[in-house]
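Structure first, then comments.
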Amino acid sequence: TPSASPTSTPVPSPTASPTPVTPAPVAVSFSFRVAGFEPGAATLTSATKQSLARQAGKLSSAKRIVVTGFSEGPRVLKSDYALSLKRAKTIQAYLQRMLGTGVRITVATIQSTQVGSHYRAVQISVVH
């Protein structure tokens with residue numbers, strides 16, 4: 001009778017442990033909103049300027065600031081986009097005058113189809 005050959009079970013070979021990776025330091029960042037724009041307007045109020053002045057210390061040490069303009073409306077229109085961009089650029093120009101050219105400030109826009117003063121705002125995101 002034919003003899004059955006024994007089935008060998010593979011033996012797992014040891015694998016090297018991965019070398020631990022030390023993550024690079026993460027930049028500290030924060031964001032805040034500046035609200036108070038009148039419907040259809042991009043003019044800075046004295047309250048808005050005071051709010052920005054209170055944040056000046058934190059903003060002056062930033063590597064980069066992104067100013068995002070928001071607008072509101074039941075429909076997203078080209079005029080809404082233009083308004084949110086104008087608001088962001090208004091804040092950008094004000095911050096640039098306040099902080100000088102040592103901080104890179106860029107703009108972006110977000111449009112909402114919801115209505116409310118919450119959406120008549122600019123968000124300022126800071127990267128240290």
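Number of residues in the range 56-72 that are open to solvent by less than 40 Å² (accessible area, probe 1.4 Å) and of a type outside the set (A, V, I, L, M): the value is 5.
Looking only at residues in the range 81-106 that are open to solvent by 50 Å² or more (accessible area, probe 1.4 Å) and under 16 Å from the mean Cα position of the chain (by Cα), the one that is modelled with the highest pLDDT is Lys89.
The values are calculated or read from the model by the stated rules, or taken from the named source; none is laboratory data. Everything numeric in this text was worked out from a predicted model, so none of it was measured. Areas reflect the complete protein model, heavy atoms only, side chains present, ligands, DNA and RNA absent. Shrake-Rupley method; radii C 1.70, N 1.55, O 1.52, S 1.80 Å.
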